[in-house]
């Protein structure tokens, strides 16, 4: 593993002098550590071989990123790895996503192992995907497993490019890859505590405040300790405390998830509950986040029956088109885009207006071309 500046400089020079696309992968430890940082970066390029880099020992890989910036980067499920690569200075200008290519080509299973086996006929070693990649030193079998993730990635890319070309979808894939590579970093999620598992059970605003206080306290502790928040306190325990609104630490300790917590920690969690209990009504969180865009589809029949009719027709038409094109419906066009166009259709239901509406919601040109005709028909049917 590359873990010092001298070795990194040698790798950077070797990969800069290499040929063709660069296979890139990253391993995180999100189930063990706080956040989504990379704990191993794997690279392979013809003429340079394979390199496994320790981003803990070498936290700035911007020089390496710049050395291969002009090359096409081949990743599997690029949107998962690009954020942690960006944090250490590795930002591609062109990518080829083998998972997304598999979806567009209609493969039923698009995991890396399944794709390599189905397309190339090789079986990758399994068994280390969920290990703690922050472990140091990394065991040799783990490193071998990690190296295999990039061993055949360029071969897989070449085979998928041919298949996409055969199906007439290669330009579609290129537009998708360009959209991923040029997308800005995602905005921080608003009220992330609302994604606590089991939140559907929490109805009252006071209970929501307990979830918020416990979630924020847990997040501070997890960040300080650099451990996964789930290892500090489980989501189920947070929801249990919110529903029970315990008046003291003794009552809290009787709840599921708190029974084995030490006295000091228990008081810490009870302090969070007490903060929520002490809030005024005006300080309590609202029942839900402000809705942007259309309401949930289940409410359409009551709020706007014509829109509900349009959505039913549009969904059926898009599903049928996706089946004809042999790809998942969400890769043909996002369900959110369909909902938005159906909720607020253009004044004129014609190809030009519908195309403009789709493009305005971020649809790529190939998606606009494919979806516009079926949406025009569906919107017209829904307006009758």
Worksheet item: Restricting the search to region 10-58, which residues are in a helix (DSSP H, G or I) and in contact (Cβ under 8 Å) with a residue 24 or more places away in the chain?
Response: 11, 12, 13, 14, 15, 16
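Just to be sure before I move on: is residue 276 farther than 19 Å from residue 381 by Cα and either modelled with pLDDT of 95 or more or part of a helix (DSSP H, G or I) (or both) in the structure I sent? Before you say what the answer is, go through the steps one by one.
On the way: farther than 19 Å from residue 381 by Cα: yes; either modelled with pLDDT of 95 or more or part of a helix (DSSP H, G or I) (or both): yes.
When the stated conditions are applied, residue 276 passes them.
Tally up the residues in region 59-96 that are at positive phi and touching a residue at least 60 places away in the same chain (Cβ under 8 Å), please. Break it down into steps so the answer makes sense when it comes.
Start the filter on region 59-96 by keeping residues that are at positive phi, which leaves 77, 89.
Narrowing further to those that are touching a residue at least 60 places away in the same chain (Cβ under 8 Å): none.
Going through region 59-96 one residue at a time, the tally reaches 0.
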Practice prompt. Starting from residues that are crowded, with 20+ Cβ neighbours inside 10 Å and assigned to a helix (DSSP H, G or I), keep the ones in region 168-206 and report whichever is farthest from the chain's Cα centre (by Cα).
Written response: 172
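For (1) within 29 Å of residue 166 (Cα to Cα); (2) in contact (Cβ under 8 Å) with a residue 24 or more places away in the chain; (3) assigned to a helix (DSSP H, G or I), each residue gets a yes or a no:
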site: 318; (1), (2), (3): yes, yes, yes
site: 327; (1), (2), (3): yes, yes, no
site: 346; (1), (2), (3): no, no, no
site: 359; (1), (2), (3): yes, no, yes
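Looking at 89, 18, 31, 47, can you tell me which residue is at pLDDT 95 or above and either out of contact with any strand residue (DSSP E or B) (no Cβ under 7 Å at 6 or more places or on another chain) or closer than 23 Å to residue 115 by Cβ (or both)?
Numbers: 18 fails: either out of contact with any strand residue (DSSP E or B) (no Cβ under 7 Å at 6 or more places or on another chain) or closer than 23 Å to residue 115 by Cβ (or both); 31 fails: at pLDDT 95 or above; 47 fails: either out of contact with any strand residue (DSSP E or B) (no Cβ under 7 Å at 6 or more places or on another chain) or closer than 23 Å to residue 115 by Cβ (or both).
Result of the check over 89, 18, 31, 47: 89.
Does region 128-139 contain at least one residue that is crowded, with 20+ Cβ neighbours inside 10 Å and either out of contact with any strand residue (DSSP E or B) (no Cβ under 6 Å at 6 or more places or on another chain) or assigned by TED's automatic domain parsing to the domain that holds residue 213 (or both)?
Yes, region 128-139 contains a residue that is crowded, with 20+ Cβ neighbours inside 10 Å and either out of contact with any strand residue (DSSP E or B) (no Cβ under 6 Å at 6 or more places or on another chain) or assigned by TED's automatic domain parsing to the domain that holds residue 213 (or both).
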Worksheet entry | Residues of region 256-273 classified as surrounded by fewer than 17 Cβ atoms within 10 Å (Cβ to Cβ) and either in contact with a strand residue (DSSP E or B) (Cβ under 8 Å, 6 or more places away or on another chain) or part of a loop (DSSP other than H, G, I, E, B) (or both), total | 4
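Among 211, 261, which is within 27 Å of residue 30 (Cβ to Cβ) and at pLDDT 95 or above? Before the answer, list the steps.
Values: 261 fails: at pLDDT 95 or above.
Result: 211 is the single residue among 211, 261 that is within 27 Å of residue 30 (Cβ to Cβ) and at pLDDT 95 or above.
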Response to the item:
Wholly inside region 86-164, helices (runs of 4 or more DSSP H) that include 2 or more residues that are touching a helix residue (DSSP H, G or I) at 6+ places or on another chain (Cβ under 8 Å) are 98-105, 112-115
Worksheet item: Among the residues of region 273-311, how many are over 24 Å from residue 248 (Cα atoms) and touching a helix residue (DSSP H, G or I) at 6+ places or on another chain (Cβ under 7 Å)?
Response: 14
Worksheet, complete the sentence: Scanning region 233-251 residue by residue, those free of Cβ contacts under 8 Å to residues at least 24 places away in the same chain, touching a helix residue (DSSP H, G or I) at 6+ places or on another chain (Cβ under 7 Å) and crowded, with 19+ Cβ neighbours inside 10 Å turn out to be 249
Worksheet entry | Count of region 153-173 residues which are closer than 16 Å to residue 72 by Cβ and without any contact (Cβ under 8 Å) to a residue 40 or more places away in the chain | 5
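The values are calculated or read from the model by the stated rules, or taken from the named source; none is laboratory data. The shown structure was predicted, so the numbers you read here are calculated from the model rather than taken from an experiment. Backbone-built Cβ (ideal geometry, glycine too); neighbour counts: all protein chains shown.
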